[in-house]
1. Hey, does the stretch 60-72 have a residue that's acidic (Asp, Glu) and either modelled with pLDDT of 80 or more or surrounded by 10 or more Cβ atoms within 10 Å (Cβ to Cβ) (or both)?
2. Among the listed residues ASP30, ASP21, which satisfies the condition of being in contact (Cβ under 8 Å) with a residue 24 or more places away in the chain and part of a helix (DSSP H, G or I)?
3. Looking at (1) closer than 20 Å to LEU62 by Cβ; (2) exposed (fewer than 14 other Cβ atoms within 10 Å of the Cβ), which one does ASP3 not meet, given that it meets all the others?
4. Is one or more of the residues making up the stretch 20-37 among the small types (Gly, Ala, Ser), loosely packed, with under 15 Cβ neighbours inside 10 Å and within 10 Å of the chain's Cα centre (by Cα)?
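The values are calculated or read from the model by the stated rules, or taken from the named source; none is laboratory data. These numbers were taken from a predicted model, which means no experiment stands behind them. All Cβ positions, glycine included, derive from the backbone under ideal geometry; neighbour counts span all protein chains shown.
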Amino acid sequence: MFDLTKYKDREDRRIIFGYGDLRARCFLLDRAEKEYDLGNTQGCAVLFHAEMYLADRMRYQLAPPDKLAIPLPQGN
């Protein structure tokens with residue numbers, strides 16, 4: 001586990017949280033596959049939907065800002 005109190009820099013925290021998101025996505029996909037194999041299609045759909053939400057969120061965070069977007073102040 002990471003002790004986030006040791007990492008004050010914004011870039012360090014972004015990397016750590018990105019790593020956590022990636023691990024969560026892998027867990028959700030693995031668990032969804034197991035639920036599907038057990039015949040729990042509703043549980044599989046919920047897990048797959050959660051993974052898609054995380055993927056969309058990561059894509060939004062990593063994408064360059066839209067030209068019409070209002071810029072947010074960058075500060076620590």
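1. For the stretch 60-72, residues acidic (Asp, Glu) and either modelled with pLDDT of 80 or more or surrounded by 10 or more Cβ atoms within 10 Å (Cβ to Cβ) (or both): absent.
2. Numbers: ASP30 fails: in contact (Cβ under 8 Å) with a residue 24 or more places away in the chain.
After ruling out the rest, the residue left standing is ASP21.
3. Tallying (1) closer than 20 Å to LEU62 by Cβ; (2) exposed (fewer than 14 other Cβ atoms within 10 Å of the Cβ), ASP3 fails exactly one: (1).
4. yes
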